Amino acid sequence: MNRRSHLAALLIVVASLVPASFCSADVKLPAIFTDNLVLQRDMPVPIWGWAADGEKVTVTLGTQTKTAMPASPSGKWMVKLDAMRAGGPCTLTVAGKNTITLKNVLIGEVWVCSGQSNMQMSVNGVINAKEEIAAANDPKIRLVSVPARGSQTPQEDFQGKWVECSPATVGGFSAAGYFFGRELSKSLGVPIGLINTSYGGSSCEAWVKRSVLEADPQYKPMLDRYATMISDYDPVKAKAVYEKQRARWKVAAEKAKAAGTKTPYPPRLQGDPRTGNHAPANLYNAMLTPVLPYGMRGVIWYQGESNAGRAYQYRTLFPTMIENWRADWHQGDFPFYFVQLANFMAEKPEPGESAWAELREAQSMTLKLPNTGQAVIIDIGEAQDIHPKNKQDVGKRLALWALAKTYGKDVVCSGPTYKSMETKGDRIVLHFDDVDGGLEAKGGETLKGFAIAGEDKKFVWADAKIVGDTVVVASPKVKAPAAVRYAWADNPVCNLYNKAGLPASPFRTDDWKGITAGNQ
């Protein structure tokens, strides 16, 4: 298939997604407005849709009535309902030449759940899934999912609908999102709406508007690389490569079964980069644009695995994405809480470099943005599975940030975070924020995970002990220490916590060049 054929096919897909109201006089709502939806409390709420040019549209909820006239030539209209208190159920009507009635509408707290596969991973795949699903009977939690797809053209709508949380509906929903929402529901006692818009394997740049990336020269090599991928894509060659990979995988899978080890993941057929989960703006266009600017409280995010090889770039790319979302949502610096990458892959016997550690560092650096928070899960990963099954604690730790920082609850939301260091002879003394009751080595064991180096940058395992709210680090092999690293590995063995039971975030005191520096 040549490039012209690809373009023709793409245009057909785009045309099929154009709202019916463009060629019809009927009032139409996007899929984000259906029965069972949750509207955000305590702030003006946008309601929008399409209708014929010049048609008066009336939106009614309770005692409120708002009117709008569609904009020509798009036919799009929008009203903003006044801020409401939590409650419901109630009925929302939208009337023009026809009338749409949305039933069982609640007013409460709405959160967007986004990222790659560890956010997309469903309740079906977690530990104790059967029990969790059976207990998930909470009609005041509402769920809606945006289908995973990409597009180089901004999309107005998606196929989906809001549903009540129940054993029949929760199994396929984002596990991290659901467990986060469940914690909020228990603590706040108000309806919770969760919008899942996540895509497994996706790169951060796919969630950023193209014009934002194009405005920054540092992203030009990345944009050029994807442009080349698109122009060079050949579906026949891609299928041939896939068949070879699959043949090798079948052999490896049989060997793994015979040896009783974990079966490797099957290969994926490389799809057209115009519609995949990596090309810049693809998911922003297809999976975020359709829900903008739905009234919500904030975002939870779990992504970074696909960008680990470009961790230094993530230092700016991830904050750029957050600022892009905030600018386009028109809700100011709304809460944005994210999950730091879990421990994964083989443990290493000696200290060394790590792309995953550098990505975690980039995530921690993003905390410089206002109203952000990081759930550290360096203790619940799985060496042989990039998708940890303990999503219950992921949801809980995200919820702690929301409860503490967004809702003002008296809870601890962060483990110890590195603050500063001072050199005292052959020792380095580390100071921390977020000690919350004091530092401890989990289980009363010796502190693990600390490495120390001199100016030669050769790290060795260090002896570390807690002294008050500090950690003192030393090694007889390093007489003149210059730097300390903690949990600096793909899958570190580490055990520094605070008394609230939350793990310390991995860190390093040096700024020496890492292995992903310069990768574009």
Checklist outcome for this item: How many residues of segment 465-495 are under 16 Å from S420 (Cα atoms) and surrounded by 22 or more Cβ atoms within 10 Å (Cβ to Cβ)? The answer is 6
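Please report, ordered by residue number, the strands (runs of 3 or more DSSP E) entirely within segment 366-477 with at least 1 residues that are more than 17 Å from the chain's Cα centre (by Cα). Write out each step before concluding.
Working: elements: 372-375, 417-424, 427-433, 439-441, 450-453, 463-467, 470-474.
The qualifying strands (runs of 3 or more DSSP E) are 417-424, 427-433, 439-441, 450-453, 463-467, 470-474.
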Next on the checklist: Condition check: of a type in the set (A, V, I, L, M, F, W, C) and closer than 22 Å to V27 by Cβ. Does M78 satisfy that?
Outcome noted: yes
Item to check | Selection within segment 423-437 - modelled with pLDDT of 95 or more and closer than 23 Å to K368 by Cα | outcome: L430, H431, F432, D433, D434, V435
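Residue-by-condition table, conditions (1) touching a helix residue (DSSP H, G or I) at 6+ places or on another chain (Cβ under 8 Å); (2) buried (at least 22 other Cβ atoms within 10 Å of the Cβ); (3) small (G, A, S):
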| residue | (1), (2), (3) |
| --- | --- |
| A227 | no, no, yes |
| P235 | no, no, no |
| V251 | no, no, no |
| A279 | yes, yes, yes |
| V291 | no, no, no |
| Y302 | yes, yes, no |
Item to check | Residue list for segment 174-204, restricted to those being assigned to a loop (DSSP other than H, G, I, E, B), buried (at least 24 other Cβ atoms within 10 Å of the Cβ) and out of contact with any Gly (no Cβ under 7 Å at 6 or more places or on another chain) | outcome: Y199, S202, S203
Item to check | Hits in segment 246-292 (condition: among the β-branched types (V, I, T) and either closer than 30 Å to S211 by Cβ or assigned to a loop (DSSP other than H, G, I, E, B) (or both)) | outcome: T261, T263, T275, T289, V291
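Residues S166, S211, S231: which one is touching a residue at least 40 places away in the same chain (Cβ under 8 Å) and either surrounded by fewer than 16 Cβ atoms within 10 Å (Cβ to Cβ) or of a type in the set (K, R) (or both)? Can you show your working first?
Values: S166 fails: touching a residue at least 40 places away in the same chain (Cβ under 8 Å); S211 fails: touching a residue at least 40 places away in the same chain (Cβ under 8 Å).
The unique qualifying residue is S231.
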Next on the checklist: Can you find a residue that is more than 21 Å from R149 (Cβ to Cβ) and among the polar types (S, T, N, Q) anywhere in segment 293-313?
Outcome noted: yes
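State all residues of segment 61-86 that are part of a strand (DSSP E or B) and either more than 20 Å from G193 (Cβ to Cβ) or touching a Lys or Arg at 6+ places or on another chain (Cβ under 8 Å) (or both); if no residue qualifies, say none.
The answer is T65, K66, T67, A68, K76, W77, V79, K80, L81.
The values are calculated or read from the model by the stated rules, or taken from the named source; none is laboratory data. As the structure is a computational prediction, the values presented were derived from the model and not from experiment. Neighbour counts run over all protein chains shown; Cβ positions are idealised from the backbone, glycine included.
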